[in-house]
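Please read the structure below before turning to the comments.
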Amino acid sequence: MKAADAMTGLTQLHDAQRVVLDATSVLGIEKVSILDVLGRVLGENIVAERDNPPWDNSAMDGFAVRWEDIKQEHAIQKPVTLSIIEDVPAGTMPTKTVGPGQAIRIMTGAPMPRGADTVLKVEDTEPTPASVRVLKPEPKGANIRPQGEDVKKGDCIIAQGTRIRPGEAGMLAILAKSLVYVHQRPRVAILSTGDELADLDERFSEEKIINSNSYGIAAAVQEAGGVPLLLGIARDTPAALKEKISQG
């Protein structure tokens with residue numbers, strides 16, 4: 001026992017914590033909905049089953065083009081006008097291949113069409129329904145989000161043992177994980193002792209003290225992710241204390 005302990009006769013906090021943790025086994029695993037996962041401790045590694053994004057896609061509203069058609073030396077000599085062969089809004093797949101002198105009107109998030117390797121921002125063009133005039137060149141590959149930029153198939157995205165926060169919950173949704181294995185929440189029994197205590201719903205006289213600590217501790221348990229179990233008040237006898245402890 002350390003000197004400070006010898007003076008007070010009390011166990012130090014870190015020693016008490018070690019005793020509790022050494023006597024506590026790892027909790028079991030249960031499957032819960034993604035809507036109930038906040039604050040829970042992940043019981044499995046979350047591995048990506050596909051790339052995200054699943055294909056190269058446009059990072060801007062604009063036009064998918066061949067860089068060879070709009071590279072800087074061409075634009076300096078003569079502004080380029082390209083024929084628009086298709087419109088590809090987000091949520092649809094392109095059906096045509098971009099050839100020389102052609103462009104496809106594309107929205108943010110839409111998959112890149114075959115043949116195109118660059119996206120022109122719409123504000124850098126003069127479009128008409130049938131054609132688009134290039135006002136400013138872009139580097140090759142500009143404004144494209146490549147397949148797997150955010151998540152690669154097979155990567156461990158969230159490790160087992162992680163406590164789920166809103167960001168992790170959002171990532172679970174991106175990975176289409178509607179059900180997730182998490183560790184069970186610890187059940188924490190809370191017992192107050194003393195003949196002087198009265199509970200909230202009791203009629204009590206002036207010499208009694210309201211049992212407020214149990215409810216404050218219960219709130220702290222909930223905040224930490226546990227499930228509080230209020231055992232009430234044990235009177236100042238060994239038998240009463242034993243009975244209450246047996247209920248927990």
Among all residue pairs at least 6 apart or on different chains, which show Cβ distances below 7 Å where the first residue, located in region 161-173, is outside the structural domain of GLU30 (by TED's automatic domain parsing) and the second is surrounded by 13 or more Cβ atoms within 10 Å (Cβ to Cβ) and in a helix (DSSP H, G or I)? THR162/GLU168; ALA169/ILE34; LEU172/ILE34; ALA173/ILE34
Inter-residue pairs, beta-carbon under 6 Å, first more than 16 Å from LYS177 (Cβ to Cβ) and modelled with pLDDT of 95 or more and in region 44-68, second of a type in the set (Val, Ile, Thr) and part of a helix (DSSP H, G or I), 6+ apart: ASP61/VAL122; GLY62/VAL122
Are any residues in region 9-53 of a type outside the set (A, V, I, L, M, F, W, C) and assigned to a strand (DSSP E or B), and if so, which ones? GLU30, LYS31, SER33, ASN52
Looking for something under 23 Å from VAL41 (Cα atoms) and either exposed (fewer than 11 other Cβ atoms within 10 Å of the Cβ) or out of contact with any helix residue (DSSP H, G or I) (no Cβ under 7 Å at 6 or more places or on another chain) (or both) - is there at least one such residue anywhere in region 229-243? yes
Looking at region 190-204, which of its residues are among the hydrophobic types (A, V, I, L, M, F, W, C), in a strand (DSSP E or B) and touching a helix residue (DSSP H, G or I) at 6+ places or on another chain (Cβ under 8 Å)? ILE190, LEU191
Of all residues in region 69-100, which are over 18 Å from ARG145 (Cα atoms), of a type outside the set (A, V, I, L, M, F, W, C) and either modelled with pLDDT of 95 or more or touching a helix residue (DSSP H, G or I) at 6+ places or on another chain (Cβ under 6 Å) (or both)? SER83, GLU86, ASP87, THR95, LYS96, THR97, GLY99, PRO100
Can you find a residue that is among the basic types (Lys, Arg), under 30 Å from ARG50 (Cβ atoms), at pLDDT 95 or above and exposed (fewer than 15 other Cβ atoms within 10 Å of the Cβ) anywhere in region 164-187? yes
Of all residues in region 29-43 being small (Gly, Ala, Ser) and modelled with pLDDT of 95 or more, the one that is nearest to LYS121 (Cα to Cα): SER33
Exactly one of ALA176, ALA142, ALA219 is of a type outside the set (Val, Ile, Thr) and assigned to a helix (DSSP H, G or I), and that residue is ALA219
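In region 119-146, which residue that is among the small types (Gly, Ala, Ser) and in contact (Cβ under 8 Å) with a residue 40 or more places away in the chain is surrounded by the fewest Cβ atoms within 10 Å (Cβ to Cβ)? Lay out the reasoning, then the answer.
So the first thing to find is which residues in region 119-146 are among the small types (Gly, Ala, Ser), and the list is 130-131, 141-142.
Then drop every residue that is not in contact (Cβ under 8 Å) with a residue 40 or more places away in the chain, which leaves 130-131, 141.
Numbers: ALA130: 8, SER131: 15, GLY141: 12.
The selected residue is ALA130.
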Suppose we keep only residues that are among the aliphatic types (A, V, I, L, M) and surrounded by 13 or more Cβ atoms within 10 Å (Cβ to Cβ) within region 80-102. Which one would you say is farthest from the chain's Cα centre (by Cα)? VAL80
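The values are calculated or read from the model by the stated rules, or taken from the named source; none is laboratory data. Keep in mind it's a predicted model, so treat the numbers as computed, not measured. Every residue, glycine among them, receives a Cβ derived from its backbone with ideal geometry; neighbour counts consider all protein chains shown.
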